[in-house]
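Down below is the structure, laid out as structure tokens.
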């Protein structure tokens with residue numbers, strides 16, 4: 001599942017950066033890698049058991065790609081900071097890139113989570129995997145939390 005998430009992230013990032021003439025050619029690879037890593041880290045921060053009710057509400061309501069919610073705002077801010085600080089792009093260019101990446105990413109993630117044909121790709125599985133719960137058989141509490149989250153996530157895939 002992690003590869004699926006990274007694929008969801010990498011596509012919009014590559015498109016937004018490679019098609020933006022304001023990003024110098026020599027900075028595109030660094031911008032793509034830094035942005036992809038920043039988004040993955042941000043998802044790990046937000047996809048936690050503590051945020052489960054917000055996430056299920058967000059993805060269950062179809063508002064995941066809206067311009068005003070905790071996840072969208074956090075990811076946009078992270079992208080802008082990384083592009084300004086690590087890559088050296090201007091605030092305006094960084095905002096433009098973030099504004100094109102995030103809605104596409106959130107829409108794709110929402111579609112995957114809500115697609116009944118995507119077995120094992122639900123809120124509970126995402127939270128478990130990104131928060132470190134996953135399939136760690138030596139952690140009974142983590143497995144119990146993962147089982148509960150998986151069950152809750154399946155409620156939103158019906």
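The values are calculated or read from the model by the stated rules, or taken from the named source; none is laboratory data. This is a predicted model, so every value here is computed, not measured. Heads up, the Cβs are rebuilt from the backbone with ideal geometry, glycines too, and the neighbour counts pull from every protein chain shown.
What do you reckon, is residue 153 surrounded by 16 or more Cβ atoms within 10 Å (Cβ to Cβ), modelled with pLDDT under 80 and in a helix (DSSP H, G or I)? Don't jump to the end; show me each part of the working.
Values: surrounded by 16 or more Cβ atoms within 10 Å (Cβ to Cβ): yes; modelled with pLDDT under 80: yes; in a helix (DSSP H, G or I): yes.
It is true that residue 153 is surrounded by 16 or more Cβ atoms within 10 Å (Cβ to Cβ), modelled with pLDDT under 80 and in a helix (DSSP H, G or I).
With respect to residue 95, is the statement that it is closer than 14 Å to residue 34 by Cβ, modelled with pLDDT of 95 or more and more than 12 Å from the chain's Cα centre (by Cα) true?
Values: closer than 14 Å to residue 34 by Cβ: no; modelled with pLDDT of 95 or more: yes; more than 12 Å from the chain's Cα centre (by Cα): yes.
No; evaluated as a whole, the condition is false for this residue.
Applying the selection to the range 105-125, what residues are in a helix (DSSP H, G or I) and modelled with pLDDT of 70 or more?
Result: 105, 106, 107, 108, 109, 110, 111, 112, 113, 114, 124, 125.
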